[in-house]
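The values are calculated or read from the model by the stated rules, or taken from the named source; none is laboratory data. Bear in mind that the values here come from a model prediction, so they are computed numbers and not experimental data. Positions of Cβ are backbone-derived with ideal geometry, glycine not excepted, and every protein chain shown enters the neighbour counts.
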Amino acid sequence: MMQFYIRKMTEHFAIEILSWKYEAPYDFYNNDLCSENIRELLDDKYYAVINEKDQLFGFFCIGSSAQVPIGSEYGAYTEDHIDIGLGMKPEFTGKGYGDSFFTYILEYIKKTYNDKNIRLTVAKFNHRAIHLYEKLGFKRRAEFANNSTLFITMINE
């Protein structure tokens, strides 16, 4: 089983993450490598996740950084929960690592914020991720749209 470790986000990690390119339909998650996006990732709410080979494996964020801004207009974020967002390096996706990667992040969040429910927001087309989240106890809550993309919030109580 792969081992994971949480590290402080660095500029090096941020640049690597922003350079990741996913295949369609997951190319929705591709980002632009620009100074504004680097600054956002260097916010103290983003964390790098590395594996035992000291390779960047993924990342996660907490708080408003994990929310889709327009969701507030739909009342998707009214309850006081810990919001989390995450991403996995494209070369590791679809290979069965999601369970251990997300479980590791969840254990960290639960240990750090032990009195709060955890909420995440996922694009509705991302059936792989939704299946994983449901398997790990998340339940679908709100649904809203941002342009042509539908999003679902899910809660782990």
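Note on the range 69-108: residues that are assigned to a helix (DSSP H, G or I), of a type in the set (A, V, I, L, M) and under 17 Å from Lys139 (Cβ atoms) total 1.
Taking each residue of the range 1-20 that is within 13 Å of Ser35 (Cα to Cα) and free of Cβ contacts under 8 Å to residues at least 40 places away in the same chain and looking for partners that are of a type in the set (A, V, I, L, M) and part of a helix (DSSP H, G or I) with beta-carbon atoms closer than 8 Å, six or more apart or interchain, yields Glu11/Ile38; Ala14/Ile38; Ala14/Leu41; Ile15/Ile38; Leu18/Ile38; Leu18/Leu41. Of the residues making up the range 112-154, those that are assigned to a loop (DSSP other than H, G, I, E, B) and among the basic types (Lys, Arg) are Lys116, Lys124.
Each residue in the range 109-157 was checked for being hydroxyl-bearing (Ser, Thr, Tyr), touching a helix residue (DSSP H, G or I) at 6+ places or on another chain (Cβ under 8 Å) and under 21 Å from Ser72 (Cα atoms), and 3 pass. Looking across the range 36-64, just one residue is at pLDDT below 95 and hydroxyl-bearing (Ser, Thr, Tyr), and that is Ser64.
When we screen Ile70, Ile84 for residues that are of a type outside the set (S, T, N, Q) and without any contact (Cβ under 8 Å) to a residue 60 or more places away in the chain, the only hit is Ile84.
Of all residues in the range 108-142, those satisfying the criterion of being at pLDDT below 95 and of a type in the set (D, E, K, R) are Lys110, Lys111, Asp115, Lys116, Arg128.
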